[in-house]
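Step one of this worksheet: look at the structure below.
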Amino acid sequence: MTLVQLRHFVVLANEGSFVQASAALFLTQPALTRSIHALEEELGGALFDRLGRRISLTPFGDEVLARARRLVSDADALKQAGQGLHAGLIGQLRVGLSSAPGALLSTPLMLHMAEHHPRLQVHISRGNTAVLLQLLREQHLDAAIVDIRDMRPSAELTVSLAFELNAGFLVRPDHPLAQRGGPVGIDDVMAYPVASTPLSDEVARILIARYGPQANPDDMVTLRCDETMSIVDVARRSNAIVLTVNAAAVDLIRLDVSPSLDAMARFGLVTLAKREEAPALRILRHQLPNWTAALTRAP
């Protein structure tokens, strides 16, 4: 078998159609069909069930696909590595950023690449932790920076460069609760709309332990959105209270809630274990501690 055949197989599995895969590969359909047939003969089994114009992976094909994707991805990474890291680095870096990292790191990442590596193609994907980790497993991403409290233990994923950010209940300076001049209770907080991104089970347990069952995010949070900056903007323009990292809203103030929440959001750089890393990922590894150090100084 050849790497070309494996690439044909991966594209066909992604597209789900010989017509679409042929167009994506700039091949004729007969040429693609011959390539797939040759691969099936060498592997000793059918990779696809063919039902008219529709195709679907066989159980054997589904098992082969994971390995084929890794081989094709590793070959692409090896090609980029051969080009080397230099001032005019070419190639691409595909990074997934969950809500708070996306709000805080997207601009610094793109600015750095624009100024220092203008020929590098940077693709930033935004989404919740589960979606981004699945994209990472499918090798559509080179790395993801996500809420590591929201991750299930997995031998196939590696977490590095973990960092924590202060978080709490934030409001605009002229919010009625901020004008009281003293601590407020959770009942006072829940008298107003509470906005948040989806919270991990660990954070939910912390909230319930501090404030009782009524602080379960399923009940307490009335405005839920994956985009941190959207919920922050709502808090700027209304009496809504936003539960998020302080660094995402430096113009808001932390509400003095009793007992104190004293929460820390925990994030980390997640990569696929045993996979050859994209060369450009070294740039992100080098710069991320500088960016996060500045964020941790937020009050």
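The values are calculated or read from the model by the stated rules, or taken from the named source; none is laboratory data. Everything quoted here is computed from the prediction, not taken from an experiment. A quick note on method: Cβ atoms are made from the backbone with ideal geometry, for glycine too, and the neighbour counts reach across all protein chains shown.
Beta carbons closer than 8 Å, at least 6 apart along the sequence or on distinct chains, pair a first residue in region 224-248 that is under 16 Å from Leu177 (Cβ atoms) with a second that is charged (D, E, K, R) and surrounded by fewer than 17 Cβ atoms within 10 Å (Cβ to Cβ) for Arg236/Asp251. Within region 144-155, the residues that satisfy the criterion of being aliphatic (A, V, I, L, M) and either touching a helix residue (DSSP H, G or I) at 6+ places or on another chain (Cβ under 6 Å) or free of Cβ contacts under 8 Å to residues at least 60 places away in the same chain (or both) are Ala144, Ile145, Val146. Residues considered: Arg54, Arg34, Arg94, Arg50. Of these, the only one that is modelled with pLDDT of 90 or more and surrounded by fewer than 15 Cβ atoms within 10 Å (Cβ to Cβ) is Arg34. In the set Pro289, Pro259, only one residue is under 18 Å from Ala167 (Cβ atoms) and either hydroxyl-bearing (Ser, Thr, Tyr) or surrounded by fewer than 22 Cβ atoms within 10 Å (Cβ to Cβ) (or both); that residue is Pro259. Just one of the numbered conditions (1) modelled with pLDDT under 95; (2) under 17 Å from the mean Cα position of the chain (by Cα) is not true of Gly268: (1).
Restricted to region 183-248, the set of helices (runs of 4 or more DSSP H) holding at least 1 residues that are under 30 Å from Ala293 (Cβ atoms) and touching a Pro at 6+ places or on another chain (Cβ under 7 Å) comprises 201-211. Considering only residues in region 154-198 that are among the acidic types (Asp, Glu) and within 22 Å of Asp219 (Cβ to Cβ), the one that is surrounded by the most Cβ atoms within 10 Å (Cβ to Cβ) turns out to be Asp188.
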